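Coordinate-derived values only; no laboratory data. Computed from a prediction, not measured in an experiment: that's the story for all the values here. Cβ sites come from the backbone with ideal geometry, for glycine too, and all protein chains shown count toward neighbours.
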Amino acid sequence: MAAVPLRSWIWRAGTDMPRQSIRPRIIPRHDDSNGWWNILPPAAPESRLTGEKHVETAIIGAGICGLAVAHQLGKLAPQSEIAVLDAERAGFGASGRNAGFMLNLHSHGPPKKIDILRRNMQLWESGLDDLRHMVRDFQIACDWHEFGRIYGSAGSDGEKHIDEIADTLGQLGLTYSWLDAGQMQSRLGTAFYRRGLHAGGSALVNPAALLRGLARHLPVNITLYEESPVTRLDRVSNGFEIVTDTGTLRADRVVVAAGVFMRQFGVAAGRYVPMATYASLTPPLSDSELSHLGTAEPFGVLGGSEYGATIRLTRDNRLFVRNVFKHVPGSPTSRTEVSRISTLHRSAMLNRWPGLADVTFEHSWGGIMAFTWNDGTIFGEIEPGLFAVLTNDVSPMTRGAAAGRLLADYMSGSSSGLLSTQLSIPTARRLPPRPFLDIGVAIRRGLLHFAAKREF
Ligand SMILES: Cc1cc2nc3c(=O)[nH]c(=O)nc-3n(C[C@H](O)[C@H](O)[C@H](O)COP(=O)(O)OP(=O)(O)OC[C@H]3O[C@@H](n4cnc5c(N)ncnc54)[C@H](O)[C@@H]3O)c2cc1C
């Protein structure tokens, strides 16, 4: 991804409110190899914004949040003209380059306030249900698999964490089952883990296929413009003017669903930490390679520790490894960084399956997600006519699916218990300024990394 500096004479970093004219200084442009995307058949050609157009609502960002807003707005206002714009292809941002866990619940550390967790879980469950239904109704071929998730522990930190996860699940009245070292070995074919905990209720997918499918099946009153980076957002009389390299869009109202690039639009600056994480995918394993993997049935393992590695075996027999978090305050992920980290992914694979020494990765990539301090959110009307939605680091995909749908409800004046729940989540708290933030994040990251050293 390259930073694209743009002249920005009205830009004021660190503000919460967009000014009259906003010029994003960084535009997403990935040049690494997002495996989930690259193993799919070629995408249909994109349609770019050209000339001058006018819509009622423009949504910036075709990630999970933006597409969820679009699906629901399109349903609630079928006569209204709506446009979704993305700098790249739908599914090429974080939403299409993640580990593919569509979670009904995610929790690390000792059970926190169970009431709050139970409340938030309603949102994640409802986002998961939305996705489940859309995958079924639109017949989206994204390898949706109701596997649940296994938390694996290899060292003492992992052990402590999975006990805490079990405690949380128990307090929520959710079922789970333990896998001892022998059961982990026969299921996954590795002696790496001391223990595992299997919890149901969540699904595994190819996230790029999911996002492509959601984009392809947008309601008919919605136009998707891809490869159309927004380089300027101006407030004009009666609304907004959005400028891309090839066209101009006038909109009565705008939704900023640009993920970690949201602050480029002057929204939520200083309220979230952009953290990059990285993934690699092998080619389909041969039968002899697969024989190293226990039952050779697809699986998804999350690290017991917060910073532990995520490992999957996909339906088409590829191994997936995700690990390493890195604070990326200014610059997005670089190809050199991705290549450096792919060697750590290889060690993670060989630590688990030494017999796979001949297997190399076909794809390695990075992506950036937003961490907030207080598990807070960015949701609602930031200033007249300008709305924003951001998902954070806890169950981001399902949380984003729910938040996007609920933002559309909010914009349409609908009310529901779930919308009240969403509205009751605190706004992401303002973070300390840099360099204090950088130092704090570096210390926390270092500690979590050190604690999880046996879980890579
Ligand atoms: C490697 C990795 C693994 C992860 N694993 C999981 C997981 O297993 N489960 C889970 O729930 N979450 C996971 N996440 C986190 C999750 O993917 C993200 O938090 C989530 O996708 C964010 O969704 P979003 O819609 O807010 O942002 P995005 O998906 O980033 O969408 C924002 C969109 O805005 C567009 N945009 C930005 N600026 C502009 C502009 N100027 N003009 C036009 N368009 C613009 C971008 O191109 C992008 O497509 C993972 C993330 C990574 C990187």
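A few notes on this one:
- Most to least packed among 339-346, 79-86, 50-57 [average Cβ atoms within 10 Å]: 79-86, 339-346, 50-57
- Note on Lys113: aspartates and glutamates with a C-alpha under 16 Å away, same-chain residues under 8 apart excluded, are Glu164, Asp167, Asp375.
- Kirkwood hydrodynamic radius over Cα pairs of segment 256-341, then Stokes diffusion coefficient at 37 °C and 0.692 mPa s, in µm²/s: 213 µm²/s
- Relative contact order [Cα under 8 Å, 6+ residues apart], the chain, whole percent: 24 percent
- For the listed peptides 262-271, 38-47, a ranking on the average number of other beta carbons within 10 Å per residue, highest first, reads 262-271, 38-47.
- Relative contact order of segment 127-238: 35 percent, from C-alpha pairs under 8 Å at least 6 residues apart in sequence.
- Kirkwood Rh, Cα atoms: Rg over Rh of the chain: 0.96
- Label-to-label distance, nm, for residues given as Ser414 and Arg118 (7 Å Cα→Cβ offset): 2.6 nm
- Under 30 Å of direct C-alpha separation, and excluding same-chain neighbours fewer than eight residues apart, Lys112 reaches these lysines: Lys160, Lys326, Lys453.
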